[in-house]
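The structure appears right after this line, and notes come after that.
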Amino acid sequence: MDNEDYSQFTFKHDEIEDDLLFINEDTQGVQVILVNGSAVGLELPSSVELVIEETDPSIKGASASARTKPARLSTGLTVQVPEYIAQGDRVVINTAERKYMNRA
């Protein structure tokens, strides 16, 4: 939706399917790419905060530079996170590299 005039943009799901893995209700800074007045794509912010929905239990005493484990985020995206990250934690994800950056 355009924040100035509240006009709606329509996309086909398969056109922006990868971008949807980084967007939730709290996501700020998503830009619509317009060509000749038609919406052709989305430009994501460089990083987004998402909640970990599912991952293995955290390991006490694990360091930040230790091994990683897979974590499924609230949008369905799966990334590798350090072992000390737990289910329910908010994390910052780099949208260009699709990688964990840090805890939010």
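Computed from the coordinates by the stated procedures, all read-outs in this text should not be read as laboratory data. Quick caveat, the model's predicted, so the values are computed rather than measured. When we count neighbours, we look across all protein chains shown, and the Cβ atoms used for this are built from the backbone with ideal geometry, even at glycine.
A few comments on the model shown:
- Environment charge of N102, counting only residues whose C-beta is closer than 12 Å and scoring Lys/Arg +1, Asp/Glu -1: +1
- Protection proxy ranking of 34-45, 78-89, 5-16, by the mean of other Cβ atoms within 10 Å over each peptide's residues and highest first, is 78-89, 34-45, 5-16.
- Of every Cα-Cα pair in the chain, the percent that sits beyond 15 Å: 65 percent
- Residues with amide H under 5 Å from that of L42, placed H, sequence gap 5 or more: I33
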